[in-house]
Amino acid sequence: MFIVIPITMAAAFSNAGTIAAPVPGSSALCSLKSNFLNLIHQVDISVQGKTLESTQAYINICKHFQMISEMSENDLKTLGHSVGFSPVLDNPRADRYNPTQAGANGHSGNGFCNKRPFTGASEYQIATQEATTINTIANTALQHKLSRYVDTNSSVVNNGIYGATTSNTLMTPANLASEFRPYYEVKSNYMIWYDYAVIKLNHLFESMDHIGLTQKLDVSLRLWLNCGTVQVTVTNAATAQVQI
């Protein structure tokens with residue numbers, strides 16, 4: 001048994017209280033964490049009014065750890081995409097350390113970080129890059145997460161397949177939505193990502209993995225989802241001395 005949860009993420013660039021138009025490539029600004037189970041904070045399940053599994057907080061942490069411990073490399077490549085994984089896990093060679101906020105240009109954050117999806121190389125090009133510097137190695141897992149979303153912003157996409165209108169493209173946002181495919185679009189300068197989280201119930205509940213075939217199953221399932229907002233202040237955004 002599976003559940004499918006529609007996900008909407010929204011972001012905007014604000015300059016002195018004014019929403020600024022996103023620049024080309026802004027579709028790579030946001031993505032979900034690896035594994036859709038990270039959306040679940042706690043769950044419980046009951047059958048015919050009797051508790052089968054009681055409420056368990058932070059179940060996403062233990063279940064995520066269990067899955068990445070049990071899934072093989074072939075599992076990631078064949079099943080990972082369906083449940084929110086990348087075909088590969090994070091690339092430790094892409095780690096960087098930024099000790100201070102000053103001079104943060106070229107870094108993806110402060111302190112220890114490993115969130116650079118685009119630096120001109122992937123983990124499959126390690127040997128070539130290490131000959132010069134490992135600073136140009138990107139996190140391939142993030143590359144796969146970002147490529148999950150089709151960019152329908154007509155000012156960016158020019159391949160004739162995806163776009164905001166049907167005059168010069170094959171697939172529009174309406175087409176993608178009707179087929180439950182993740183995509184990105186811009187509305188009134190707001191960046192919006194649409195996704196569909198597919199969760200296999202036996203990944204959450206041991207009981208669902210052993211309940212077997214049954215008729216007229218009367219089950220009550222409750223899930224608490226993680227959601228929230230984040231604000232990041234950037235100064236000197238258009239200079240080499242950008243600070244976060």
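The values are calculated or read from the model by the stated rules, or taken from the named source; none is laboratory data. Being a predicted model, the structure only gives us computed values, none of them experimental. Cβ atoms come from the backbone with ideal geometry, glycine included; neighbour counts cover every protein chain shown.
Quick one: would you say Leu223 is in a strand (DSSP E or B) and either more than 30 Å from Pro22 (Cβ to Cβ) or modelled with pLDDT of 80 or more (or both)? In short, yes.
Listed here are the residues, each with its yes/no results for (1) without any contact (Cβ under 8 Å) to a residue 24 or more places away in the chain; (2) under 14 Å from Leu223 (Cβ atoms); (3) touching a Lys or Arg at 6+ places or on another chain (Cβ under 6 Å).
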| position | (1), (2), (3) |
| --- | --- |
| Gly17 | yes, no, no |
| Pro24 | no, no, no |
| Ser34 | no, no, no |
| Ile40 | no, yes, no |
| Lys50 | yes, no, no |
| Asn60 | no, yes, no |
| Lys63 | no, yes, no |
| Met71 | yes, no, no |
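For segment 13-45, give me the residue count where each residue is farther than 30 Å from Asp209 by Cβ and surrounded by 15 or more Cβ atoms within 10 Å (Cβ to Cβ). Within segment 13-45, residues that are farther than 30 Å from Asp209 by Cβ and surrounded by 15 or more Cβ atoms within 10 Å (Cβ to Cβ) number 7. Cβ separations smaller than 7 Å between residues 6+ apart or across chains give the following pairs from segment 202-214 residues that are in a loop (DSSP other than H, G, I, E, B) to residues that are of a type in the set (Val, Ile, Thr): Phe205/Ile45.
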